[in-house]
Amino acid sequence: MKMAFYAIAAAMIAVALAAVLLPLVRHGRRSGRPRGVFVLTLAIALVLPLAAGWLYLEVGTPVAINGVAAQTGMPLTMQQAISQLRAHLAEKPDDLQAWTLLAQTSAMLHSTADARDAYEHILKLDPNNADAMVGWAEADAMLKSDHVIGARAVALLKHAVQLQPDSQRGLWLLGTSQFQQGDYAGAAATWRLLAPQLEPGSEVAKAVAAQISQADARAGGAPAEAASSPAAATAPEAALQVRVSLASGLKAKLAPGDTLFIFARPVNGPPMPLAVTRLQADQLPTEVTLTDAMAMTPALKLSSVAKVFVGARISHSGQPMAQPGDLEGNAGIVDVARKTPVEILIDKVH
């Protein structure tokens, strides 16, 4: 079981380091520093955790930890590591650390149903775990076609921010739930608790400021941020033209009744789509325009951010959340103000 921990932890560390270091690399490049320095930095940051885990599994002493003969061969894949983690939890269902690792890994892999189930187990073992409350609420909303934050999720979020007042995800989601319910004054008040915690001038801070202004306007009061950020209140409607095609090698995997989802989601912040459209997969190749009108909630739309991640998925189940066997492709991160079409080739199997 420990080998599964190390394999998953090494991968998560590498992802976390990349998220932290990539913005620093970009800043350094703009400052004129040599490219080679940053390439080496990223290589070390990404390779060391994974290499350390691989080296341990290959030549370390798992016998001393597991009490069984060391296995030779290739390092564990992520799925193998998760399988071992699940096997461990079947034997030791009260292992809070293992459930936490499974929840975080499932969320990272967009296995939302598995993440919610793991967070459910955490809450049974530790009812006052604020991170698990927020994780459960986010996963539950993501599993719904309309992404509405339900009654139990709202109760968990309220409890979470009481226990952990600086929970950024908790405050954002609680404010979103209030906005969805029409409590615009409450949403603005909640997001104002979040705003001081964000990096001034960042895209996330600008998006939150815009949502506070919108909530204030709907509540009938004067938007507090309108004076300092008039552009946010008068931002034009956003529209992204997207062309989607299916790789020839995957056409045989297309089944009658398959559903095509084309979406744009924020680069930072909640994973809820800012715009999404649903079509029949047999319409491929196709071209659509993602707009503010396709937002899942008025609090989250294309024009509230500068950049988005644009992707497409063919779902065999018809559900918006990715399932094993679904076909996927993406265009990466693009500017919302882009005028030329975004090209997506669906060329991967989930």
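The values are calculated or read from the model by the stated rules, or taken from the named source; none is laboratory data. These numbers were taken from a predicted model, which means no experiment stands behind them. A quick note on method: Cβ atoms are made from the backbone with ideal geometry, for glycine too, and the neighbour counts reach across all protein chains shown. Calculation scope for accessible area: heavy atoms of the full protein, side chains included, ligands and nucleic acids excluded. Shrake-Rupley method; radii C 1.70, N 1.55, O 1.52, S 1.80 Å.
Here are some notes:
- Amide H contacts under 5 Å for residue 350: 325, 326, 327, 328, restricted to partners 5 or more places along the chain or on a different chain, H placed in the peptide plane at 1.01 Å from N.
- Computed with a 1.4 Å probe over protein heavy atoms only, the accessible area of residue 124 comes to about 140 Å².
- In order along region 194-203, phi translates into HN-Hα couplings of 7, 3, x, 7, 8, 5, x, x, 6, 4 Hz, rounded to whole numbers, per the Karplus curve 6.51 cos²θ - 1.76 cosθ + 1.60 with θ = phi - 60° and x for Gly and Pro.
- With Cα atoms defining each centre, region 334-349 and region 165-204 are spaced 30 Å apart in the structure.
- Around the amide H of residue 246, modelled in the peptide plane, lie the amide H atoms of 346, all under 5 Å away and 5 or more residues distant in sequence or on another chain.
- Estimated dipole of region 240-350 in Debye, rounded to 20 [Cβ of Lys and Arg +1, of Asp and Glu -1, Cα centre]: 160
- Only lysines eight or more places from residue 92 in sequence, or on another chain, were considered; those with a Cα closer than 22 Å are 2, 124.
- For region 150-160, 3J(HN,Hα) computed residue by residue from phi via the Karplus equation (6.51, -1.76, 1.60; θ = phi - 60°) reads x, 4, 5, 4, 4, 4, 5, 5, 4, 5, 4 Hz, glycine and proline entered as x.
- Contour minus Cα-Cα distance for residue 144 and residue 128 (0.36 nm per residue): 3.3 nm
- Rounded to the nearest Hz, the phi-derived 3J(HN,Hα) couplings of region 338-343 under the Karplus curve 6.51 cos²θ - 1.76 cosθ + 1.60 (θ = phi - 60°) are 4, 9, 8, x, 8, 9, where x marks glycine and proline.
- Restraint check, 206/251; 144/251; 251/339, Cα-Cα greater than 32 Å: 206/251
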